[in-house]
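Chemist: Sending over a structure as structure tokens; questions will come in a sec.
The values are calculated or read from the model by the stated rules, or taken from the named source; none is laboratory data. Just so we're clear, the structure is a prediction, and the values are computed from it rather than from any experiment. Please note: Cβ atoms are built from the backbone with ideal geometry, for glycine as well, and neighbour counts cover all protein chains shown. All accessible areas refer to the heavy atoms of the entire protein, side chains included, with ligands and DNA or RNA removed. Shrake-Rupley method; radii C 1.70, N 1.55, O 1.52, S 1.80 Å.
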Amino acid sequence: MEIVMPDTYFFPSKAISRFKKRAKLIHRETGKTHNEALEEIARGFGLPNWHHLTLHADASRHCELAFANDLIVAYDLKEAENVDTALFTENLYLFGLCRKPLIARFRDGDEDKWEPESETEYERMADEYRLFVRTGGTAPEKLEDAVELVQSSSFFPPEVFWWKGTLYEGLGAHPVLPQQPIPEHLMSAFGAPARGEKLISPQVSASKGTGVNGNVADSYSYCIHCERAYPEGAYRQKLSWQLCPYADCDGDTVIDNWGWRRIRKENPGYPEVPELGVQYPMHGPNYVAPKNPKQKTKRKSK
Ligand SMILES: [Zn+2]
């Protein structure tokens with residue numbers, strides 16, 4: 001048994017049968033009735049009676065089943081405020097199952113070999129999470145369904161989630177952790193992402209359009225699918241795909257993304273800072289075909 005949180009006693013399902021065996025032993029050795037022995041065991045844990053113990057055990061069992069067969073999400077304290085409580089319910093008993101894996105994750109994830117003063121430091125860090133269990137309906141059958149549900153439950157991705165007892169980082173193959181909310185002007189230009197998709201904001205100062213290197217044109221990407229520009233680094237996360245940030249486009253930011261600089265070079269007259277949402281044809285009215293790159297390499301190799 002573990003007192004996981006104030007007034008939250010986690011009893012693994014094996015515990016009850018163990019207590020009943022112990023009660024039999026007490027009965028044999030002391031002559032107390034089986035029930036009296038059970039009451040004594042419960043009081044030994046600081047609980048008022050056996051009935052109380054069974055209530056905690058039932059709540060623990062519920063979490064054990066959910067942990068093994070369903071979906072659990074762990075959120076940062078601040079971000080937990082955004083969790084859709086129609087989809088997920090906070091449950092303190094989950095700490096009985098999730099605290100250890102969280103602590104192990106801190107220990108393994110310490111890349112800079114930060115050593116806590118004591119193991120309790122990791123415990124304190126683990127307790128700063130809030131744990132939620134999926135509610136209502138049936139458990140997601142496939143990992144994609146689980147990911148979609150996790151994505152639609154909150155604007156922010158969770159720190160980790162468990163699906164059928166397995167721990168997943170953030171959002172699976174491509175963990176995404178937008179540290180800042182999507183700027184308003186980007187959200188309105190791109191349009192609201194569909195259910196199960198998530199808009200990811202670039203880490204550059206999008207309002208000014210300047211990239212990390214200060215070069216304006218470099219900080220915009222161009223989608224050859226919808227022929228619109230967007231701040232470099234913006235995309236729509238759908239499972240493990242990174243799509244064009246414009247909600248109505250199916251382009252991929254990995255294969256359909258050209259730099260705005262290149263489009264401008266081939267289309268003199270296009271502005272240095274493209275307007276969001278505006279379609280700039282790849283072969284615009286002033287289109288200039290790029291020089292044959294083969295000739296260049298020949299000259300260079302001499
Ligand atoms: Zn696009």
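Chemist: Heavy atoms only, 1.4 Å probe, whole protein assembly: order Trp260, Trp163 by accessible area, highest first.
Modeler: Trp163, Trp260
Chemist: Hey, got a sec? Which GluC sites (Glu not before Pro) in segment 11-112 land in a DSSP loop and have at most 15 other Cβ atoms within 10 Å?
Modeler: Counting only loop positions with at most 15 other Cβ atoms within 10 Å, the GluC sites (Glu not before Pro) in segment 11-112 are Glu111.
Chemist: Same structure again: What is the sum of charges, Lys and Arg at +1 and Asp and Glu at -1, for the other residues whose Cβ falls under 12 Å from the Cβ of His34?
Modeler: +3
Chemist: Could you order Glu141, Glu159 so the one with the most accessible surface comes first? Probe is 1.4 Å.
Modeler: Final ranking, largest accessible area leading: Glu141, Glu159.
Chemist: How large is ³J(HN,Hα), in whole Hz, for each residue of segment 125-136 in order, when computed from phi with the Karplus curve 6.51 cos²θ - 1.76 cosθ + 1.60 and θ = phi - 60°, using x for Gly and Pro?
Modeler: 5, 5, 6, 7, 8, 10, 10, 10, 10, 4, 10, x
Chemist: Using amide H atoms built 1.01 Å from N in the peptide plane, name the residues 5+ places from Phe88, or on other chains, whose amide H lies under 5 Å from its own.
Modeler: Sorted by chain and number, the residues that satisfy this are Thr135.
Chemist: Rounded to the nearest percent, how much of the accessible area of segment 2-66 (1.4 Å probe, protein heavy atoms only) is carbon and sulfur?
Modeler: For segment 2-66, the apolar C and S fraction of the accessible surface comes to 55 percent.
Chemist: Roll a 1.4 Å probe over the protein heavy atoms and report the accessible area of Thr33 in Å², nearest 10.
Modeler: 70
Chemist: Now for a different question. I'd like the accessible area for Leu65: 1.4 Å probe, protein heavy atoms, all chains in place, Å² to the nearest 10.
Modeler: Spelled out: Leu65, probe radius 1.4 Å, area about 80 Å².
Chemist: Efficiency by 1/(1 + (r/R0)^6): what FRET value for Ala139 and Val278, r their Cβ-Cβ distance, R0 = 35 Å, to the nearest 0.05? All intermediate terms of the calculation are to be shown ahead of the outcome.
Modeler: Working: r = 44 Å, r/R0 = 1.27.
Step by step, r from the Cβ atoms, then E = 0.20.
Chemist: Quick check: the distance between the Cα centres of segment 234-254 and segment 120-152, to the nearest angstrom?
Modeler: That distance is 24 Å.
Chemist: Still on this structure, I have one more. Heads up, I need the accessible area for Tyr220: 1.4 angstrom probe, whole protein in place, Å², nearest 10.
Modeler: My reading of the accessible area for Tyr220 is about 10 Å².
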